[in-house]
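Laboratory data are not the source of any read-out in this text; all were calculated from the coordinates shown. Predicted model, so just to flag it, every value in this text is computed and none were measured. Every residue, glycine among them, receives a Cβ derived from its backbone with ideal geometry; neighbour counts consider all protein chains shown.
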Amino acid sequence: MEPAVLKQLRFSTMGERLTDPAIVHLMANALSNPEILSLAAGFTDNTALPLDLVKEVVTELAQRPDGSEILQYGMNSGRPGLRRAVAGLLKGYSGEESIGIDENQVLISNGSQQALYIATQVLCDPGDIVLVEKPSYFVYFEVLKGLGVEPLSLPSLPNGRIDFDGLNTLIDRLCRSGDINRLKALYLVTYHANPSARCMPEEDKRTLGKVLQSLDIALPVIEDAAYRDLYFVDPYPAQSTLSLPEYAGLPILYAGTFTKPFATGMKVGYTCCTDQQLLGKMLNVKGQQDFGTANFTQAVIETVMHDGRYQEYLSKIRPHYGRKMKILHNALEEEGLRELGWSWDEPTGGILLWAGAPEGFDTRFGSTFYNSCLSEGVLYVPGDLCFAEGSPTNFVRLSAGVLSEDRLREAARKFVRSAKSTGQGA
Ligand SMILES: Cc1ncc(COP(=O)(O)O)c(C=O)c1O
């Protein structure tokens with residue numbers, strides 16, 4: 001028999017662009033040591049997931065006369081009852097009672113990640129630009145990279161807020177160079193953000209809206225509010241771009257999710273879009289991809305949303321995550337991380353803590369500090385992954401989501417021990 005000729009597998013330009021995402025590296029490290037303490041994974045806490053509640057609801061649904069309906073295909077845009085519940089949820093936020101939205105502006109997706117992907121796909125061509133915060137959600141950077149889109153950071157002040165003078169200069173530069181024509185969207189993570197844990201002050205949102213209104217283009221705003229409902233004590237009071245008058249007339253795409261506040265494994269997210277044309281195109285792609293998110297998981301969430309069990313569950317897990325975050329924060333302080341020159345704000349919601357080491361300290365994959373943490377058996381997300389420009393390189397993203405309280409303390413101890421042994425300016 002003739003030896004097989006090795007033939008070249010050919011990819012699309014997109015396929016060629018794809019390289020292993022950072023997450024693969026983190027997962028490989030985690031899998032190579034099952035005992036590793038992961039402050040990296042943005043997972044929620046298995047011990048707090050609503051297993052009993054879901055069991056109860058599935059039984060109720062199965063006993064309905066039309067019970068098997070939940071095992072049938074549903075609508076491409078999502079269950080009408082769930083979309084109505086989402087519109088109700090959005091109108092339930094303080095100051096947003098009068099937003100004129102209804103279920104026809106809501107799309108249910110496989111987590112908000114799918115909606116972020118589809119929105120970017122229908123808005124951007126390779127070579128286009130999306131404005132992002134500094135830092136921003138690194139998995140969204142993977143979406144941009146896959147689609148050949150360039151993330152460009154909004155200029156920021158040392159306290160993390162938007163530098164509006166810098167932004168005006170940036171816009172002037174884009175206008176002069178003509179690159180403004182490649183600018184296709186603005187992506188913001190506005191409540192207890194990934195990775196910074198910050199909330200965007202309403203004042204900044206309003207100012208940003210005014211800047212956008214002054215542009216000659218209708219720039220779509222993607223507001224990612226994945227952690228909005230996961231506050232520890234009080235909701236962050238800023239209104240969303242859906243209701244602020246400064247954003248009136250701009251295409252707004254507000255992405256939320258039931259994964260973080262309810263069950264990550266159910267992968268149900270939602271988008272509310274103020275522009276019917278944009279929503280229509282997203283629905284078109286959604287139809288091509290899967291013609292609708294799983295009806296079964298949507299039905300469970302729809303049920304708990306309608307009868308109040310969702311809010312009841314949320315009121316139980318908020319203090320749970322608040323307690324876990326406090327443990328991580330306190331442990332880092334008690335172990336002496338601040339004395340080493342590190343700084344961070346104590347988060348008021350979400351599952352992430354964003355800390356900065358002294359300038360010159362290197363936290364990247366392969367750095368002395370990263371390797372020291374690995375040999376101590378603790379994992380974190382290097383902060384450079386969360387900057388569009390890949391720098392600065394002295395930040396870390398730590399998650400309080402997965403580990404038990406004891407293991408969180410142990411992870412913090414090991415993390416700080418590595419910081420001490422690595423030293424300043426390593
Ligand atoms: C800021 C942010 N947006 C969106 C997502 C996507 O979440 P999901 O697809 O589970 O709704 C995540 C997940 O970690 C996130 O952190």
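General observations
- Near the amide H of residue 268, within less than 5 Å, lie the amide hydrogens of 111, 258, 259, all on another chain or at least 5 residues away, with H placed in the peptide plane.
- Using alpha carbons only, the radius of gyration of segment 5-77 set against its Kirkwood radius gives Rg/Rh = 1.21.
- Pair residue 9, residue 340: separation of 7 Å Cα→Cβ label points (nm): 4.2 nm
- Fraction in percent of alpha-carbon pairs per bin - 5 Å, segment 288-426: 2, 9, 16, 18, 15, 10, 8, 8, 7, 5, 1
- On the basis of the beta-carbon distance and an R0 of 30 Å, residue 289 and residue 163 show a calculated FRET efficiency of 0.20.
- Residues of type lysines that residue 260 reaches as a straight line, Cα spacing below 25 Å, ignoring anything fewer than 8 places off in the same chain: 55, 91, 134, 145, 205, 286, 316, 324, 326
- Charge tally around residue 108: other residues with Cβ under 15 Å, Lys/Arg +1 each, Asp/Glu -1 each, net +1.
- Of all DSSP-defined beta bridges confined to segment 51-307, some 40% are antiparallel rather than parallel.
- Local charge for residue 335 was computed over the other residues whose Cβ lies under 11 Å away, with Lys and Arg +1 and Asp and Glu -1, and equals +2.
- Calculated on C-alpha atoms, the gyration radius of segment 51-307 divided by its Kirkwood radius gives an Rg/Rh of 0.98.
- The chain, relative contact order [Cα under 8 Å, separation at least 6], %: 23 percent
- The distance separating the Cα centre of segment 369-404 from that of segment 14-41 comes to 12 Å.
- Partners of residue 420 within straight-line reach, counting aspartates and glutamates whose Cα lies under 17 Å from its Cα and excluding those fewer than 8 residues away in the same chain: 333, 334, 335, 339, 359, 362, 376, 410.
- Prolate/oblate/rounded call for segment 333-389, Cα gyration tensor, a/c under 1.5 rounded: rounded
- Between the alpha-carbon centres of segment 335-366 and segment 180-231 there is a gap of 24 Å.
- Global geometry of segment 120-191, whether rounded, prolate or oblate, following the gyration tensor of its Cα atoms and the 1.5 cut on a/c: oblate
- Model label points for residue 24 and residue 364, set 7 angstrom from Cα along the Cα-to-Cβ axis, are 1.9 nm apart.
- Available extension along the chain between residue 314 and residue 47 is 94.7 nm, counting 0.36 nm per residue and deducting the alpha carbon span.
- Our estimate of slack between residue 177 and residue 63, defined as 0.36 nm per intervening residue step minus the Cα-Cα distance, is 34.7 nm.
- HN-Hα J in Hz across segment 8-17 - Karplus 6.51, -1.76, 1.60, θ = phi - 60°, x for Gly and Pro: 7, 7, 9, 10, 5, 4, 5, x, 5, 5
- Neighbourhood net charge (14 Å Cβ-Cβ; Lys/Arg +1, Asp/Glu -1) for residue 206: -2
- For the chain, the 222 nm mean residue ellipticity estimated from helices alone, with every DSSP H stretch of n ≥ 4 adding -39500 (n - 2.57) and the total spread over all residues, rounds to -12500 deg cm²/dmol.
- Potential lengthening of the chain between residue 17 and residue 96 amounts to 24.3 nm, from the contour at 0.36 nm per residue minus the alpha-carbon distance.
- DSSP-defined beta bridges in segment 155-279 - what % are antiparallel, rounded to 5: 45 percent
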